[in-house]
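Asker: Got a structure here, written out as structure tokens. Questions coming.
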Amino acid sequence: MTTLEQVSTSVPTDADVVALAEAVGRAAAPFDAAHDADAGFVSEAYAAMAELGYLRLGVPAEFGGLGATLRQVVLAEEELGRWSGSAALAAAMHLYLTRVQVWRHRRGKPDAAGVLRRIADEGLVLATSGGSDWVCPTTTATRVDGGYRFDGRKSFCSQAPVAGVLATSAVLGEPGPDAVVLHAGVPFAAPGVRIVETWDTLGMRGTASHDVVLDGVFVPEEKVMGTRPYGALAGPLLVAAIHFAPVAGAAYLGVARGACEEAERLVARKADVPAAAVRGIGEMRARLRVARWALLGVVGEVGDDPPADDATLDAVMTAKRHAVVEARAVADRALEVAGGVAFFRSSPLERAYRDVRGGPFHPLTPEATLERLGETALATARRG
């Protein structure tokens, strides 16, 4: 197995990070069917991640991490998704938040270095409630001595059973144009934090994306990482969305790649392969390649330290949209190519078919992305 120590003496290569992801994936894959059946957490995958250093992937070497670039995190997540969709998607939430902390550190945020060191030294796992918070969180913040009281309930908190800190937000004041949203990291061990095991879903059932209740949780003033206007995709949420999009897109693309390869294995066993199946495999390969170009192209375009602006958001969300839409198309085609055997619950194709359904739900959704791109184009045309 590839370990962090084997590659930490120098800048990792693309092959290094892919090999690391493969090692985690091989450890996770034998347990995926059981976790899918009972919606249990992919604990074996996380044990391998802890042992091999996968969750330190994006932490700079100066803090004890592997020092992988954003592009390399995308490559690793695609490879892990090929083996275990739930492991890849759950880890994506931690890995993109790690890259957010790297972004903040580069801009002189004094708390970011401490978070990165804790990830490397203590194995701290970061979780997010961004899928339920988004621009208009229902959780409230009330000013108290020395900080704020957070109250509310968050959904879609992936890897909640092993996470140490929840990156979340709450609205200060009456929700509306004049309200301010606070962004903060809340320890899962803090008084008033409670996990409610609600995760029983169509796909990605091993991510344990449970609800988290915040009941009078005290957040010190100095732990507030930033603010933004209520209803606006700006500030800390904009930075998070920019880093999230390519990493999550890669996880789903990896699931589709695994489905394509499984269909190929099944078809290759046949003595007489129909021409339609051959064409179907070619179609899947073409879709996967172009979607991969989109993800790698966008991280090459925006760079390892992307600016937090609308143009960057448009670019990464366009790539994510393409990845999740094509992942769904490839999984659908894989079932058609493989035939009736894929209809059985015992088939990994059946699971992949359900897992990729989660991709379009992550904000920005594919439709919201197109609307945003269209509005931007029309605004530019009107100015010109």
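Asker: Please go through the range 40-76 and pick out each residue that is in a loop (DSSP other than H, G, I, E, B), of a type in the set (Gly, Ala, Ser) and surrounded by fewer than 20 Cβ atoms within 10 Å (Cβ to Cβ).
Answerer: If the condition is that a residue be in a loop (DSSP other than H, G, I, E, B), of a type in the set (Gly, Ala, Ser) and surrounded by fewer than 20 Cβ atoms within 10 Å (Cβ to Cβ), then Gly40, Gly64 are the ones that fit.
Asker: Using the structure shown, decide if Ala277 is of a type in the set (Gly, Ala, Ser), surrounded by fewer than 24 Cβ atoms within 10 Å (Cβ to Cβ) and over 21 Å from Pro363 (Cβ atoms).
Answerer: Taking the combined requirement at face value, the residue satisfies it.
Asker: If you don't mind, another one. How many of the residues in the range 311-344 are over 21 Å from Glu77 (Cβ atoms) and in contact (Cβ under 8 Å) with a residue 12 or more places away in the chain?
Answerer: Matching residues across the range 311-344 total 10.
Asker: Would you confirm, using the coordinates I've provided, whether Pro187 is out of contact with any helix residue (DSSP H, G or I) (no Cβ under 8 Å at 6 or more places or on another chain), farther than 20 Å from Phe361 by Cα and assigned by TED's automatic domain parsing to the domain that holds Glu44?
Answerer: no
Asker: While we're on this one: Looking at the structure I just gave you, is Gly231 farther than 27 Å from Ala50 by Cβ, within 23 Å of the chain's Cα centre (by Cα) and either surrounded by fewer than 18 Cβ atoms within 10 Å (Cβ to Cβ) or in the same structural domain as Leu80 (by TED's automatic domain parsing) (or both)?
Answerer: Details: farther than 27 Å from Ala50 by Cβ: yes; within 23 Å of the chain's Cα centre (by Cα): yes; either surrounded by fewer than 18 Cβ atoms within 10 Å (Cβ to Cβ) or in the same structural domain as Leu80 (by TED's automatic domain parsing) (or both): yes.
So Gly231 passes the test.
Asker: How many of the residues in the range 29-39 are acidic (Asp, Glu) and either at positive phi or outside any helix (DSSP H, G or I) (or both)?
Answerer: Matching residues across the range 29-39 total 0.
Asker: Using beta carbons and a limit of 9 Å, which pairs, at least six apart or on different chains, have the first residue in the range 368-382 and among the basic types (Lys, Arg) and the second one part of a helix (DSSP H, G or I) and surrounded by 10 or more Cβ atoms within 10 Å (Cβ to Cβ)?
Answerer: The qualifying pairs are Arg372/Asp310; Arg372/Leu313; Arg372/Asp314; Arg372/Met317.
Asker: Condition (residue is surrounded by fewer than 15 Cβ atoms within 10 Å (Cβ to Cβ), at pLDDT 95 or above and not in a loop (DSSP other than H, G, I, E, B)) applied to the range 132-142: is it met by at least one residue?
Answerer: yes
Asker: Can Asp178 be described as farther than 23 Å from Ala88 by Cβ, charged (D, E, K, R) and touching a residue at least 60 places away in the same chain (Cβ under 8 Å)?
Answerer: It is false that Asp178 is farther than 23 Å from Ala88 by Cβ, charged (D, E, K, R) and touching a residue at least 60 places away in the same chain (Cβ under 8 Å).
Asker: Just one of Asp32, Asp111, Asp36 is over 30 Å from Ser346 (Cβ atoms), out of contact with any Cys (no Cβ under 9 Å at 6 or more places or on another chain) and not assigned by TED's automatic domain parsing to the domain that holds Val299; which is it? Break it down into steps so the answer makes sense when it comes.
Answerer: Details: Asp32 fails: over 30 Å from Ser346 (Cβ atoms); Asp36 fails: over 30 Å from Ser346 (Cβ atoms).
Asp111 is the lone residue from the list that is over 30 Å from Ser346 (Cβ atoms), out of contact with any Cys (no Cβ under 9 Å at 6 or more places or on another chain) and not assigned by TED's automatic domain parsing to the domain that holds Val299.
Asker: I would also like to ask the following. Kindly provide the set of residues from the range 80-117 that are assigned to a loop (DSSP other than H, G, I, E, B) and without any contact (Cβ under 8 Å) to a residue 40 or more places away in the chain, ordered by number.
Answerer: Arg107, Gly108, Pro110
Asker: Filter the range 168-218 for residues that are polar (S, T, N, Q) and part of a loop (DSSP other than H, G, I, E, B); which is surrounded by the fewest Cβ atoms within 10 Å (Cβ to Cβ)?
Answerer: Checked the range 168-218; the qualifying residue surrounded by the fewest Cβ atoms within 10 Å (Cβ to Cβ) is Thr201.
Asker: For Ala319, indicate whether it is surrounded by 21 or more Cβ atoms within 10 Å (Cβ to Cβ) and either under 22 Å from Leu89 (Cα atoms) or at pLDDT below 95 (or both).
Answerer: Yes.
Asker: Continuing with this model, one more query. Working only within the range 316-351, note down all residues that are more than 17 Å from the chain's Cα centre (by Cα) and among the small types (Gly, Ala, Ser).
Answerer: Ala329, Ala331, Ala334, Ala338, Gly339, Gly340, Ala342, Ser346, Ser347
Asker: What do you reckon, is Gly249 on the phi > 0 side of the Ramachandran plot and either in contact with a Ser or Thr (Cβ under 6 Å, 6 or more places away or on another chain) or modelled with pLDDT of 95 or more (or both)?
Answerer: When the stated conditions are applied, Gly249 does not pass them.
Asker: Name the residue that is nearest to the chain's Cα centre (by Cα), counting only residues in the range 267-292 that are among the charged types (D, E, K, R) and assigned to a helix (DSSP H, G or I).
Answerer: The extreme case among them is Arg292.
Asker: Report, by residue number, each residue of the range 293-348 that is outside any loop (DSSP other than H, G, I, E, B), among the basic types (Lys, Arg) and closer than 30 Å to Pro274 by Cα.
Answerer: Here is the first cut: in the range 293-348, the residues outside any loop (DSSP other than H, G, I, E, B) are 293-302, 310-338, 340-343, 348.
Imposing the further condition that a residue be among the basic types (Lys, Arg) reduces the set to 320-321, 328, 333.
Those that are outside any loop (DSSP other than H, G, I, E, B), among the basic types (Lys, Arg) and closer than 30 Å to Pro274 by Cα: Arg328, Arg333.
The values are calculated or read from the model by the stated rules, or taken from the named source; none is laboratory data. In this text the structure is predicted, and so the values were computed from the model without any measurement. Please note: Cβ atoms are built from the backbone with ideal geometry, for glycine as well, and neighbour counts cover all protein chains shown.
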